[in-house]
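Novice: Sharing a structure, written as structure tokens. Questions coming.
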Amino acid sequence: NQFHAIFTQRVPIRHLHDRKGETRYDALEQAVPLQEPLKIHEAMRYSLLAGGKRVRPILCLASCELVGRMEACAMAMASAVEMVHTMSLIHDDLPCMDNDDLRRGKPTNHMVYGDDTAVLAGDALLSLAFEHLATRTVGVGPNRVVQAISELASAVGSLGLVAGQIVDLSSEGKQDVDLNKLEYIHVHKTAKLLEAAVVGGAVLGGGNSGEVERVRKYAKSIGLLFQVVDDILDVTKSTEELGKTAGKDLLSDKATYPKLMGLGRAKEFAGELLAKAVDELAFFDAGRAAPLYHLAHYIACRQN
Ligand code: GRG
């Protein structure tokens, strides 16, 4: 319930364990201060602070605490992951990619600032993510910081997000997208960054290699689960709201889990992925694992 409240109220990440109501500031807001040149920093902040669910940073902090360290050790990583996520959304919405006018109910970055600034805002967020992680991580030895940087870099590059996006773009309008290809796209576009968030949190939290590999498996399952649930929501929302924007998902050619395996089987598959993720947590202390346990259930049951 605590986590559900955090997501639905869009609580800034620094507030996660702020039980006394003290030190109320948002790490992300502070990471990108409004400064000259104003236009680029405004554009970066517009999307970064636009009310995303912040699933990735919260996973990162929960994973750090799972293996025994304070969330502060992973705060820079948590912010960096959200910067990378935001840049991928800004670029994904561009006319040369998905060409979307709205994101989270607001005009997309390029609709407000223009294509040129939106490209630069994405580039600047990507670069700042790595600078922030490298220079603002506190209380962690350099080997672990380098390992976290490397996790994030491989999640983003030509074998990560970019791989998922290029295969997705190349599949547009084609009828040859089978379950294997769909899984490839989702693993790369969605699961890789969730994996980097969770693994990075555990690495910076001082986890040993066994612990890190367990949370990696947890992350791979919830990463795919995230997308299977997204596809299911597209169908169920489309059915509820046929004729509104969501209806286009039902009518489009885009391959989704419900389309390729049927809605019932897609829901079963989501249940299997949830069970697999939760299994990996059994190895850890139940109290420490509770946040990741509830986050997995939140991802399985979310409505947006
Ligand atoms: C990394 C250099 C570089 C380029 C990016 C554009 C691109 C290449 C990749 C696209 C990646 C993409 C848009 C994946 C979709 C991921 C996804 C599930 C988004 C929705 O995530 P939520 O629901 O969003 O967490 P909120 O709005 O809550 O933040």
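The values are calculated or read from the model by the stated rules, or taken from the named source; none is laboratory data. From a predicted model like this one, the values you see are computed outputs, not experimental measurements. Note: ideal-geometry Cβ built from the backbone for every residue, glycine included; neighbour counts use all protein chains shown.
Novice: Can you name the residue in the stretch 99-112 that is in contact with a Leu (Cβ under 9 Å, 6 or more places away or on another chain) and over 15 Å from Gly51 (Cβ atoms) and is also nearest to the ligand (Cβ to nearest atom) among such residues?
Specialist: Going through the qualifying residues, I end up with Asp100.
Novice: Let me ask something else. Do we have Val145 as over 25 Å from Ala43 (Cα atoms), more than 15 Å from the ligand (Cβ to nearest atom) and more than 19 Å from the chain's Cα centre (by Cα) here? Talk me through it step by step, then tell me what you get.
Specialist: Working: over 25 Å from Ala43 (Cα atoms): yes; more than 15 Å from the ligand (Cβ to nearest atom): yes; more than 19 Å from the chain's Cα centre (by Cα): yes.
Taking the combined requirement at face value, the residue satisfies it.
Novice: With the checklist (1) surrounded by 14 or more Cβ atoms within 10 Å (Cβ to Cβ); (2) assigned to a loop (DSSP other than H, G, I, E, B); (3) within 13 Å of the ligand (Cβ to nearest atom) in hand, flag the one item Cys96 doesn't pass.
Specialist: Result: Cys96 fails condition (1) only.
Novice: Which ones in the stretch 1-54 are small (Gly, Ala, Ser), farther than 21 Å from Thr135 by Cα and either at pLDDT below 95 or surrounded by fewer than 16 Cβ atoms within 10 Å (Cβ to Cβ) (or both)? Explain how you work it out, then say what you get.
Specialist: Initially, the stretch 1-54 is screened for residues small (Gly, Ala, Ser), giving 5, 21, 27, 31, 43, 47, 50-52.
With farther than 21 Å from Thr135 by Cα added as a condition, the list becomes 5, 21, 43, 47, 50-52.
Residues satisfying the conditions are Ala5, Gly21, Ala50, Gly51, Gly52.
Novice: A follow-up question, please. Could you give every pair whose Cβ atoms fall below 9 Å, whose first residue belongs to the stretch 85-104 and is farther than 16 Å from Leu125 by Cα, and whose second residue is among the hydroxyl-bearing types (Ser, Thr, Tyr) and more than 10 Å from the ligand (Cβ to nearest atom), counting only separations of at least 6 or pairs across chains?
Specialist: Asp100/Thr108; Asp101/Thr108; Leu102/Thr108; Leu102/Thr245
Novice: Asp168 versus (1) more than 18 Å from the chain's Cα centre (by Cα); (2) crowded, with 19+ Cβ neighbours inside 10 Å; (3) without any contact (Cβ under 8 Å) to a residue 60 or more places away in the chain: which is the lone unmet condition?
Specialist: It fails just one condition, (1).
Novice: Here is a list: Leu161, Leu126, Leu120, Leu152. Which entry is under 23 Å from Ala72 (Cβ atoms) and either of a type in the set (Ser, Thr, Tyr) or surrounded by 13 or more Cβ atoms within 10 Å (Cβ to Cβ) (or both)?
Specialist: Working: Leu161 fails: under 23 Å from Ala72 (Cβ atoms); Leu126 fails: under 23 Å from Ala72 (Cβ atoms); Leu120 fails: under 23 Å from Ala72 (Cβ atoms).
Exactly one of Leu161, Leu126, Leu120, Leu152 is under 23 Å from Ala72 (Cβ atoms) and either of a type in the set (Ser, Thr, Tyr) or surrounded by 13 or more Cβ atoms within 10 Å (Cβ to Cβ) (or both), namely Leu152.
Novice: Looking at this structure, is Ala76 under 16 Å from Arg56 (Cβ atoms), touching a Leu at 6+ places or on another chain (Cβ under 9 Å) and among the hydrophobic types (A, V, I, L, M, F, W, C)? Give the derivation first.
Specialist: Values: under 16 Å from Arg56 (Cβ atoms): yes; touching a Leu at 6+ places or on another chain (Cβ under 9 Å): yes; among the hydrophobic types (A, V, I, L, M, F, W, C): yes.
So Ala76 passes the test.
Novice: If you don't mind, another one. Of all the helices (runs of 4 or more DSSP H) wholly in the stretch 165-240, which have at least 2 residues that are away from the ligand (no atom under 16 Å from the Cβ), among the basic types (Lys, Arg) and closer than 19 Å to Asp279 by Cα?
Specialist: Numbers: elements: 179-186, 192-204, 209-240.
Per the criteria, 209-240.
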